[in-house]
């Protein structure tokens, strides 16, 4: 389990420009669990991601994996994929790029680890391995960047806005990768646009001013939208229409999380009305 306890982080600490980024945040993420972390700009999402990844040291509180302090370096325990990670691709070939991380941590066969990671993200290493990363589509490049972290075999995978800047096909491809990976690792997704991940989400957490103001399931967000919206957010459209229908007296037996399911729900309520 990846755990944070009472994490506090402030930037420019001790100066007139001191800014509190996190204020007593605690959370637990289990293997096989997917948590979606949302919040307005400046709410502390990216800071929390960096603290969980061991990239910054909290001013107070602690981060642990299975009850032990986060190891140094943390890459084998926690892997992080930052926004627009494809901009960091640099290898002459896709296979070399994905193999770089395993090579740096002393993997006995970095190329084999890279090939296995490419297969995990749905890319044939025989087809894509010899290609230049700069010939890939946006969605393909994003998957290669994710493969570079998966090749390290972290127990937990953290992703910052993994679908930003992608077209519909690229978004679907990344969501499929995330869905496969959460079977073996805990996953935390930071995003302003949670809709693609709602069918996968075990929990949603919303931050505001460095504090968690909502934590619950997708169904909790629909049945108590005011708590979610206290983060300064609008409920995702797929959920908002169901919350509105409930407010008007419709019965929601099971909260829908895909456009097709929501459309079927709305048609059903119309017929009943």
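Nothing in this text is a laboratory measurement; each read-out follows from the coordinates by a stated rule. It should be emphasised that the depicted structure is a prediction, and the values quoted were computed from it without experimental measurement. Neighbour counts are summed over all protein chains in view; Cβ atoms, including those assigned to glycine, are modelled from backbone coordinates with ideal geometry.
Summary of the geometry: the stretch 114-144 and the stretch 148-171, compared by the centres of their Cα atoms, lie 13 Å apart. The translational diffusion coefficient of the chain, from Stokes-Einstein at 10 °C and 1.306 mPa s with a Kirkwood hydrodynamic radius over alpha carbon pairs, comes to 80 µm²/s.
Spatially, the stretch 42-57 and the stretch 201-223 are offset by 18 Å when compared through their Cα centroids. Determine which residues of the stretch 128-154 fall in the zone a paramagnetic label at residue 119 would reach in this model, i.e. backbone nitrogen under 20 Å from the point 7 Å along Cα→Cβ. Those under the cut-off are 128-131, 143-154.
Among 100, 197, 265, 90, the ranking by other beta carbons within 10 Å of each residue's beta carbon, starting with the fewest, stands as 90, 100, 265, 197. The calculated 222 nm mean residue ellipticity attributable to helices in the chain amounts to -10500 deg cm²/dmol, summing -39500 (n - 2.57) over DSSP H runs of n ≥ 4 and dividing by all residues.
With the Kirkwood sum run over all distinct C-alpha pairs, the stretch 130-273 has a hydrodynamic radius of 16.9 Å. Peptides 53-60, 155-162 ranked from most to least packed, by the mean per-residue count of other Cβ atoms within 10 Å: 155-162, 53-60. Where is the GNM fluctuation largest for the chain (alpha-carbon springs, 10 angstrom cutoff): 14, 61, 44? The residue with the greatest mean-square fluctuation here is 14.
As a proxy for reagent exposure, ranking 18, 229 by other Cβ atoms within 10 Å from fewest up yields 18, 229.
Roughly how many whole Å is it from the C-alpha centroid of the stretch 224-273 to that of the stretch 10-34? The stretch 224-273 and the stretch 10-34 have Cα centres spaced 32 Å from each other. If you run the Gaussian network model on the chain, springs between alpha carbon atoms under 10 Å, then out of 189, 105, 146 the most flexible one is 105. Helix 237-247 axis versus longest C-alpha principal axis of the chain: approximately 20°, rounded to the nearest ten. Note on residue 90 and residue 11: the extension gain reaches 25.3 nm, defined as 0.36 nm multiplied by sequence separation minus the Cα-Cα distance. Measuring max minus min along each principal axis, the C-alpha atoms of the stretch 1-146 give extents of 52, 31, 26 Å (largest first).
Relative to the longest principal axis of the Cα atoms of the chain, helix 110-120 runs at roughly 20 degrees. I'd like the orientation of helix 168-181 relative to the chain: the angle between its Cα long axis and the longest Cα principal axis, in ° from 0 to 90, rounded to 10. Roughly 80 degrees between the two axes.
Comparing 165, 129, 138 in a Gaussian network model of the chain (Cα springs below 10 Å), the most mobile by mean-square fluctuation is 165. In the stretch 188-214, whose amide N lies under 14 Å from the spot 7 Å out along Cα-to-Cβ of residue 164? List them in ranges. The answer is 189-194, whose backbone nitrogens lie closer than 14 Å to the label point. The stretch between residue 258 and residue 132, if pulled fully straight at 0.36 nm per residue, gains 41.8 nm over its current Cα-Cα span.
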